[in-house]
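I have placed the structure first, in the form of structure tokens, so that the comments after it can refer back to it.
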Amino acid sequence: MDIEKDTNESAATDTAMGSEETTEKFIKVKSRKALKKAKRTSEKTAENTSEKTAENTPEKTAENTSKETMKRKLEQNVDMEIETPVPVKRPHFPPISGNQLKGGSDEMRKVAVPSHRFSPLKENWLKIFTPIVENLQLQVRFNLRTRNVEIKTCKDTRDIGALTRAADFVRAFVLGFQVEDALALVRLDDLFIETFDVTDVKPLKGDHLSRAIGRIAGTGGKTKFTIENVTKTRIVLADSKVHILGSFQNIKMARTAICNLILGSPPSKVYGNIRVVASRTAERF
């Protein structure tokens with residue numbers, strides 16, 4: 001029994017010694033591998049740093065910059081070659097006649113006539129008809145069914161703006177202007193018609209509104225005629241509406257005078273202001 005115990009103990013000691021030797025060998029092998037890895041990494045880092053330093057040398061940087069500049073120049077030359085404009089011939093357009101500008105089809109304008117202007121239109125139809133047909137080379141008729149004055153272009157019309165002039169002429173007569181005054185719209189270019197309501201200037205009702213209209217007209221139309229003569233315009237009072245015919249500057253003067261009368265200023269003061277403004281404009285021109 002004692003001999004078996006001794007043999008077991010010796011075997012255990014031998015196995016322990018063997019295990020210790022194997023662990024020492026394993027540790028030694030591991031350490032050698034780690035040393036080799038460290039050496040490799042150090043060599044690689046040294047090579048990388050040497051390459052970087054070699055690249056960062058002034059000679060290398062100069063070469064790189066020269067290469068980059070060459071590339072840029074080549075790209076710019078390519079862009080310039082692409083962007084060079086090709087000479088294009090200008091298109092030649094022959095002159096166009098009035099018929100071609102109109103598109104070949106005849107145009108027409110309609111001017112509505114209220115019932116209270118039928119009899120004046122009938123009386124002055126020849127005076128309206130003659131300048132439109134003979135001077136503007138247009139066709140005109142009064143449509144009884146629709147109660148409109150219809151103005152139409154034809155083959156003889158040469159001026160493109162003749163149709164608008166004729167429509168303005170008829171519209172001015174319908175608003176209440178005399179034929180001789182409205183005819184100025186056909187002959188002159190810088191004449192316009194402006195329309196506004198008395199209530200637009202000041203909201204008046206009843207007797208106050210009628211008194212304002214009376215202030216604009218004056219006794220026997222004296223105030224209205226004075227404003228017309230000083231400002232070189234024509235004024236029509238149709239109920240609470242005021243129509244002014246004239247040039248832009250003259251319409252402005254007449255409108256300010258009428259607005260002052262509506263607001264309640266006395267006619268004598270308005271006359272003085274108009275005369276001062278008219279004399280200033282005459283000096284300018």
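The values are calculated or read from the model by the stated rules, or taken from the named source; none is laboratory data. Worth saying up front: this structure is predicted, and the values here are computed from it rather than measured. Because the Cβ atoms are built from the backbone with ideal geometry, glycine has one as well, and the counts that use them run over all protein chains shown. For the accessible areas, the whole protein counts, side chains as well, though only heavy atoms, and no ligand, DNA or RNA atoms are used. Shrake-Rupley method; radii C 1.70, N 1.55, O 1.52, S 1.80 Å.
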- Message: Need the full-extension length gain, residue 65 to residue 112, defined as separation in residues times 0.36 nm minus the C-alpha distance. One decimal, nm.
- Response: 8.7 nm
- Message: Would you report the distance distribution of C-alpha pairs in segment 206-285 as whole percents per 5 angstrom bin, up to the bin with the largest distance?
- Response: 3, 15, 30, 27, 16, 6, 3, 1, 0
- Once label points are set 7 Å from the Cα along Cα→Cβ at both residue 36 and residue 133, what is their separation, rounded to one decimal in nm? 12.2
- Item | Extreme residue, positive dipole direction of segment 154-278, given options 162, 201, 236 (C-beta unit charges) | 201
- Task: Determine, from the Cβ-Cβ distance of residue 281 and residue 207 and an R0 of 30 Å, the FRET efficiency 1/(1 + (r/R0)^6), rounded to the nearest 0.05.
- Result: 0.25
- Item | Over segment 124-258, equivalent-ellipsoid semi-axes from the Cα gyration tensor in Å | 32, 17, 12
- Query: What relative contact order, as a whole-number percentage, does segment 173-281 give when Cα pairs under 8 Å and 6 or more residues apart are counted?
  - Reply: 30
- Query: What nm distance separates the two modelled labels at residue 93 and residue 248, each placed 7 Å from Cα along Cα→Cβ?
  - Reply: 2.6
- Accessible carbon and sulfur surface of segment 186-239 relative to its total accessible area, %, 1.4 Å: 52
